[in-house]
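Peer 1: Starting off with a structure, shown below.
Read the figures in this text as sums done on the coordinates, not as results from a lab. Just so we're clear, the structure is a prediction, and the values are computed from it rather than from any experiment. Heads up, the Cβs are rebuilt from the backbone with ideal geometry, glycines too, and the neighbour counts pull from every protein chain shown.
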Amino acid sequence: MTRDHFRKKAVRAHAAGTGRTFLDAATSLSLPVSGDDGTVLAARLRDDLVTALDAAGWPVVIEHHPQFHALLVYAGPASIHVRRDAKPPSIGTGDEHPDDPAFFDLTAPLMVTVWAPLIVEYSDALDRVVGVDAHEIAATLPPEVIVAEIDRVVGQARRREVAGTPLDATCGICGDDWAGIGLAQPARPRVAVCPCCAFDGDLLGAEPGKLAFDLDQASSQNLAVPAGWAGVEAVLRCLAGPGLPAWLEEDWRRAGTVYRPRESWGGADRMWVWLPPVARRPAALAGLGCGASLARVVAAVDQAHPDGRERFHAHLAQELEIEVGETGEEDQVPAEVVERFWPAVVAYTVGLLTQQAERPGQRSPWHVLESLELSEWAEILAPNLDVYPAETLLHGGIITVRELLVPIPSRN
């Protein structure tokens, strides 16, 4: 009795600390996937998948309350269900835990099912379901093999959607052709723009809440969203900091929407970044899949090129035509600005490299370097920020990281 008492206290503490239900915490705290009596546990498999997804670089959010007789995990653009490969109970609410013996045979095998994007719908224009629709993976495979299969089907679907989505709109600033779902309206008057022009100086009346909402909805509903939007999203996150989700929720509520910002808006490191196809991928990113969290992408770039920030300062000194080490304070980008906005530099660079590789017939995306004016955006999201150093970092940093990842061949 004493042992059970202490275990129950431990389970309650685990549940309170993680937001899980008591049953979910109890089944995942100490039990293996398979027991000696033939039972298999969905909660433990789900936790093993979370560990494997994190190791592969995928940003993960756990839904701690069962839905549709399954345990849910949101990983980047995908939703993953761990459920029993058996007929669900005819009674109940539909939210019963798959490890609850009152409703399920715990010896019934498990199944992993994948959807991507988060909202999968049928397209009348394309006459098919867009994305990954309930792709099933045998749960008997090792977790890392399951994750590799998730990566494969999501990457394959991304390539199909990018190639198959018609270019039916144009950017209101640069005039490049895009699919309508690839554009957003970040300012008043309403002008639909591409990722390279989101911060263009010709746009007045910045509306970061509207831009974030457009990007949130687009990435939730379509896998073909241009990869360059990762840079724009990262700038919004770096400007506003950890208070951005609360700010967005209030802004969206004032606009009359019932949607709430996803958890990934809580920090630039949590956001998803699509990576270039393997054949055109920089060596620094070779160990990642079709995409990864920005935190993992930044870590990979920093590991491969630990002198990246120093190279930026050298680039800046060259631009200013002064000797390295002799710059005045007014010519420097403060270390805190570099630390704060370096993720946005990497997100922009990698996102645009991906965009360039995925859309070889389009104009080069590097005209973005002419369209990085943040004054209006900072007035709303970071009123105490001096934007000049941040703009300087973005401009010079993108050039620096691009040259690190894709070196320009010597002409000698």
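Peer 1: Please list, ordered by chain and number, the residues whose modelled amide H lies under 5 Å from the amide H of residue 172; skip anything fewer than 5 residues away on the same chain.
Peer 2: 192, 193, 194
Peer 1: Around residue 144, with a cut-off of 12 angstrom between Cβ atoms, what is the net charge of the other residues, counting Lys and Arg +1 and Asp and Glu -1? Don't jump to the answer; show the numbers that get you there.
Peer 2: Details: positive: none; negative: 48, 54, 149, 151.
Around residue 144, the surrounding residues sum to -4.
Peer 1: Which order do the peptides 208-216, 243-251 come out in when sorted by mean C-beta neighbours inside 10 angstrom, highest first? Mind dumping the intermediate values first?
Peer 2: Working: 208-216: 21.1, 243-251: 16.6.
Final packing ranking: 208-216, 243-251.
Peer 1: Continuing with this model, one more query. Between beta-carbons, use under 11 Å as the cut-off and find the net charge around residue 309, counting Lys and Arg +1, Asp and Glu -1.
Peer 2: Numbers: positive: 311; negative: 302, 307, 310, 339.
Taking every Cβ under 11 Å from that of residue 309, the sum is -3.
Peer 1: Let me ask something else about it. Report the net charge of residues surrounding residue 118, where surrounding means a beta-carbon distance below 13 angstrom and charges are Lys +1, Arg +1, Asp -1, Glu -1. Numbers along the way, then the final one.
Peer 2: Numbers: positive: 262; negative: 63, 121, 133, 216, 263.
Taking every Cβ under 13 Å from that of residue 118, the sum is -4.
Peer 1: Still on this structure, please answer the following. Hey, what D do you get for the stretch 168-405 in µm²/s if you plug the Kirkwood alpha-carbon radius into Stokes-Einstein at 20 °C and 1.002 mPa s?
Peer 2: Result for D is 119 µm²/s.
Peer 1: Also, I was wondering about something else. Relative to the Cα centre, what is the charge dipole magnitude of the stretch 168-405, using +1 at the beta carbon of each Lys and Arg, -1 at the beta carbon of each Asp and Glu, and rounding to the nearest 20 debye?
Peer 2: Numbers: 18 positive and 34 negative charges, 264 e Å.
Computed charge dipole of the stretch 168-405: roughly 1260 debye.
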